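These notes are about the structure you will find just below.
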Amino acid sequence: MTAGRGIVHCEMPASKGKQHGLQLWVNLAAKDKMIDPNYQELEDKDIPKIHKDGVSVSVIAGESMGIKSPVYTRTPTMYLDFKLEPGAVLHQAIPDDWNAFVYVLEGESSFGSPNGPVIGANHTIQLGMGDGVSIWNKSQGLCRFVLIGGQPLNEPVFQYGPFVMNTKEQVMDAIQDYQSGRNGFERAAGWQSDPVTLE
């Protein structure tokens with residue numbers, strides 16, 4: 001979803017039971033903040049996937065192992081969901097001027113070198129500048145993690161609630177637009193989420 005000059009939305013789980021979800025917010029450049037909102041729906045069956053040498057990846061945004069996501073991001077971004085089987089090794093390129101991090105969802109692996117730190121579930125690794133990351137799964141179990149990166153905008157950020165702009169004044173203008181139902185929020189006043197029936 002690209003919020004642009006204004007979008008109201010609601011996201012609900014698709015089924016009963018325990019859900020595991022990640023949501024990533026990517027800032028828009030100042031020149032793009034007031035574009036028309038847009039939504040791209042990508043169901044699991046439409047996400048490009050590949051499995052090779054004990055490494056599986058779902059390419060949600062960006063590119064990995066020779067496959068590219070159909071998702072368009074105005075701010076160049078990668079969002080890769082990896083699974084490494086025991087003994088698997090991954091070398092993933094990342095543009096050297098991007099910021100990137102890894103969040104481990106389950107299992108554990110060594111990051112940076114075969115004898116690098118072993119990082120387990122529910123931990124984040126902020127990657128330094130370079131041309132990529134290498135990961136070794138020397139454990140007896142599966143390791144699943146997301147690798148997320150993007151091109152820095154190098155612009156000021158001011159955030160209040162769900163509003164993200166470059167200055168406090170811009171955020172106050174966006175709040176007034178929302179409250180007044182203008183500049184992208186014309187349909188916000190009566191908007192309701194479609195009910196979801198959980199089976």
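The values are calculated or read from the model by the stated rules, or taken from the named source; none is laboratory data. Quantities reported herein were computed from a predicted structural model and do not represent experimental measurements. Because the Cβ atoms are built from the backbone with ideal geometry, glycine has one as well, and the counts that use them run over all protein chains shown. Surface accessibility is based on the protein's heavy atoms, side chains included, excluding ligands, DNA and RNA. Shrake-Rupley method; radii C 1.70, N 1.55, O 1.52, S 1.80 Å.
Here is the figure for region 1-35: residues that are free of Cβ contacts under 8 Å to residues at least 60 places away in the same chain, over 19 Å from ASN154 (Cα atoms) and of a type in the set (D, E, K, R) total 2. When residues in region 27-43 are screened for being within 17 Å of the chain's Cα centre (by Cα), at pLDDT 90 or above and open to solvent by 100 Å² or more (accessible area, probe 1.4 Å), 0 of them pass. Just name the residue that is surrounded by the most Cβ atoms within 10 Å (Cβ to Cβ) out of those in region 126-144 that are part of a strand (DSSP E or B) and touching an Asp or Glu at 6+ places or on another chain (Cβ under 9 Å). Of everything passing the filter in region 126-144, CYS143 is surrounded by the most Cβ atoms within 10 Å (Cβ to Cβ). Listed conditions (1) farther than 30 Å from LYS16 by Cα; (2) outside any strand (DSSP E or B); (3) in contact (Cβ under 8 Å) with a residue 12 or more places away in the chain; (4) open to solvent by 60 Å² or more (accessible area, probe 1.4 Å) are all met by TRP191, apart from (1). When PRO152, PRO162 are checked against the criterion of being under 18 Å from TRP25 (Cβ atoms), without any contact (Cβ under 8 Å) to a residue 12 or more places away in the chain and within 19 Å of the chain's Cα centre (by Cα), PRO162 stands alone in meeting it. In this entry, GLU85 is excluded by the filter for residues that are under 19 Å from LEU22 (Cβ atoms), touching a residue at least 12 places away in the same chain (Cβ under 8 Å) and charged (D, E, K, R).
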